[in-house]
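Read-outs: derived from the displayed coordinates by stated rules, not from any lab. Worth saying up front: this structure is predicted, and the values here are computed from it rather than measured. Note that each Cβ is placed from the backbone with ideal geometry, even for glycine, and that neighbours are counted across all protein chains shown.
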Amino acid sequence: MESGPAIFAGTAFALFGGALLLWTTVRVRHGAPVAIGVAPRAAAVLTGLAGAASLALGVWCFGRL
C-alpha cells in the first residue's frame, strides 16, 4: 500500500529534476539567460543545484521501495 505514493513521488521528482537539468544545459550552451534579472552564472548554478537535488530526491524515493 505504501509503494504507490513512493512510486508517484519518485517519478515526479526524477522527471522534474531531469527536465530542469536538461533545460538548464540547453539554455547555457546556447548562451540564453536561465533566469531574467539574475546573474547568468548564479542562475545556472542555482538551477543546476535544484535540478540535481530533485533528481537525488527521486532516486531516494525509489530506494525506499
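So if I take the alpha carbon set of the chain, get Rg, then get Rh from the Kirkwood formula, what is the Rg over Rh ratio?
1.13
By the scheme Lys and Arg +1, Asp and Glu -1, what is the net charge of all other residues having a beta-carbon under 15 Å from that of residue 21?
It works out to a net charge of +2.
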